[in-house]
Amino acid sequence: MKKILVIFLSLSTFNFQNRALLAWPSQELSTLFAQNLVPKPVSVERGEGVVTLIPFRNIEAATSELAPLADYLAGYLPAGQVRLSLDAPEHIPAEGYRLEVSPARITIAGRDYGGVWNGIQTLLQLLPAEIYTGNGSAQTLTLPAVTIEDWPQMAHRGVMLDVARTFIPVDQVMRLVDNISRHKINKFHWHLADDEGWRIEIKSWPRLTEIGAWRGGDSPVWAVYGAWDRKYGGFYTQDEIREVIAYAAVRNVEIIPEIDLPGHSRAAAIAYPEILCGYSPSLTASADYDIRNVFCAAREENYAMLDDIIGEVAALFPSPTIHLGGDEVEPGQWSRCPDCGALMAEHGITQVARLQDVFMERVIDIAACHGKTAYVWGEAAVSGKIPRSTTVQAWENPAASARKFAANGYPTVVSTGEYFYFDMRQSPRDVGHIWAGIVTLPKVYSFDAEKIGFTSEETANLRGVEATLFTELGLENGPGYVDYQLFPRVCALAEVAWTPASGRSWDDFEKRLTQSTLSAPSHFDRLAAMGVAYRAAEPVVADTRPLKTPAVVFTSSLTESEKDPFSGVASYKAAARMSRAPVEDDWFLWTFSAPVSASQIDLKTGYDHLQRAGVPQGRVEVSYDGRTFETAAPMHDLKATLALDPARPVRALRIVCSSHGNGENFTLIQPLKIR
Ligand code: TNX
């Protein structure tokens, strides 16, 4: 059957000056029906004709609970007649809604407050993208008559942001909450404390932020990740946090605060060294730094301190849960501690790592006393000791390993690296970590619990999915980093969490994301109007010149390790690892067997993809005669690039360190890149 759809375009925002009468071929109808909505709704039924909204404010909230949403919407719409209510049809579950756009009026009937919020977001997506610039409310707008019934598949649709490694100012946190909420994301997991920074004001323990919120410069917390030459940091006051909570609450976003315990606690330990196990650490390897970062499990005062901290966090955040971390605990610190040894004996524990159960049970109990259940990272639940009221966030690969927590009776959120770690690269040429592989947009979109083996019992414990953005790479990649890493991957995550698997198709999703039609913007158009610096396309390959690998000998003032010896660097195949941090005047020397003619040499210290464990400050020297050296470039962000004259062949190169330590107890040197 050939349908002809007649549309009056009166959208000045689309820059159509003339009213046009357009006939659409039938194959375009599905696109018109769908309006490029993201995430895709459960059911969409196109009505007759179009609805025109004229600048005249009248948004009616059926109950006072919905008044903030009427205000929110009035900021976007000219809105003749919009009614928001809580009388969704019975078959619509939590956070669901029925949206009806008819020439008579627009109604959004939610199951609950969140349902109305979600309906509003769908309504905004039926309008021109320009609505998101905030200039729409004074204009006449047209949208298709339509009835949408819609609800989420998963209760937990989350995004985590690490503000410890890179401090994200409060206005940017709110902006992020706004942008994720437009995708019907309903949990914002705020990773507030880690080794490199404590970001939440705790009134009973003020040094946590006075000292722990700042690194580098004159702070006893050493520099790491991107800000080597200055004091760097920041924190949120409790008043600021209250503001973010209120802002998020209007947007149906629950904020889950995280204090990462008992590991990842170096910033806290530098502010209050007494929380560490009572033994003298060996400082030789770490250039005088005490690199310990684990709360002593046996020190009773630690639990009193954590009672204060958790108490303040619990009082501040209305969320019924608090995330207590539990990942990557270094058990070696407990195994050297006589008090922890005694505690193990008392509990009949033979494996030191299992002392974590004792610690986690204590802090989960403290949270319970403050009226909160807990979230923890996967490792904290492997032994199955902690209570089943605890939600487990499974992050390690493969995704199927999350099943064991669900099978063991824990409410489970899947954040596995291979699908949902948005600090991973989006393509081989992007910036990012790679430990969980390349997390492309189609990879995120392909997550399907059933396909990775979740049984129906396990699925019953699957609360949802959550993307994480750890920000070790935030500073070196600049202010656009958070948007670039999150979008459009958050759009894919939102659809995985919202839309039934049977309704998902990559090809269709990609079209909605990238292809605008005369009647509907693409979702990329919307992101652009929101001001999101999303990743639009494959990055350009920067340099395809072949690398040269001339014969070279690599030596250093540091001793080579057996596992990652100097020969890796000399063969251009692998990094060399030395088992202490560099200090002033340490050197790393490349001596070529024959003079090398090159136009550019890139030197990189530390991890290949991460500013860590390298030479923070120093200079690169070049020798053209094999005896005398001249300074060629400073080290910056653990690396240096030399622009050379190919007519002057190079005999040797060396890095001379001018700083003390690198915050680790080892050093990595990458092979040269010679062009
Ligand atoms: C693992 S995820 C961590 C983080 C790192 C991240 C980098 C988790 C619970 N721990 O501390 O930032 O990898 O991808």
Descending principal axes extents, region 509-631, alpha-carbon based, whole Å
71, 33, 28
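Between Ala574 and Ala643, what FRET efficiency follows from the Cβ-Cβ distance if R0 is 30 Å, with the result rounded to 0.05? Could you put the intermediate results ahead of the total?
Values: r = 26 Å, r/R0 = 0.88.
E between Ala574 and Ala643, to the nearest 0.05, is 0.70.
Give a quick list of trypsin sites (Lys or Arg not before Pro) in region 548-637 that DSSP marks as loop, anything other than H, G, I, E or B, with at most 12 other Cβ atoms within 10 Å.
Lys563, Lys573, Arg627
Can you divide the C-alpha Rg of the chain by 2.2 N^0.38 Å and report the result to two decimal places?
Expressed relative to 2.2 N^0.38 Å, the Cα Rg reads 1.07.
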Distance histogram in 10 Å bins (all Cα pairs of region 516-588, percent per bin):
14, 24, 16, 15, 16, 12, 3
Between Trp435 and Asn58, what is the label-to-label distance in nm when each label sits 7 Å out along the Cα-to-Cβ direction?
5.9 nm
Return the whole-Å distance between the Cα centroid of region 429-492 and the Cα centroid of region 530-592.
28 Å
Need the C-alpha centroid separation for region 293-331 versus region 620-675, integer Å.
44 Å
DSSP-assigned coil residues among GluC sites (Glu not before Pro) in region 278-345, each with at most 16 further Cβ atoms within 10 Å
Glu328
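So which trypsin sites (Lys or Arg not before Pro) in region 192-288 are both in a DSSP loop and have at most 14 other Cβ atoms within 10 Å of their Cβ?
Details: sites: Arg199, Lys203, Arg207, Arg215, Arg230, Lys231, Arg242, Arg251, Arg266; in loops: Arg199, Lys203, Arg230, Lys231, Arg251.
In loop regions of region 192-288 (DSSP not H, G, I, E or B), the sparsely surrounded trypsin sites (Lys or Arg not before Pro) are Lys203, Arg230, Lys231.
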Rg in Å to one decimal, and Dmax rounded to a whole Å, for region 278-419 via C-alpha atoms:
16.2, 46
Using the structure shown, select from Lys187/Lys404; Lys184/Lys443; Lys40/Lys372; Lys385/Lys563; Lys443/Lys639; Lys231/Lys443 the pairs with a Cα to Cα distance greater than 28 angstrom.
Lys40/Lys372; Lys385/Lys563; Lys443/Lys639; Lys231/Lys443
Given a 1.4 Å probe, how much area per residue of the chain is accessible, in Å²?
39 Å²
In region 76-214, what percent of the accessible surface is made up of carbon and sulfur (1.4 Å probe, ligands and nucleic acids excluded)?
51 percent
Using Cα-only point scatterers and the Debye equation, what is log10 of I(q)/I(0) for region 123-196 at each q in 0.19, 0.21, 0.26, 0.28 Å⁻¹, rounded to two decimals?
-0.94, -1.02, -1.19, -1.26
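Rg to Rh for region 350-482: what is it, with Cα atoms only and Rh by Kirkwood? Mind showing how you got there, number by number?
Details: Rg = 16.5 Å, Rh = 16.1 Å.
Reported Rg/Rh (Cα atoms, Kirkwood Rh): 1.02.
The values are calculated or read from the model by the stated rules, or taken from the named source; none is laboratory data. Since the model is a prediction, treat every value here as computed from it, not as a measurement. As a convention, Cβ positions derive from the backbone with ideal geometry for all residues, glycine included, and neighbour counts pool all protein chains shown. These area figures cover heavy atoms from the full protein model, side chains too; ligands, DNA and RNA do not enter into them. Shrake-Rupley method; radii C 1.70, N 1.55, O 1.52, S 1.80 Å.
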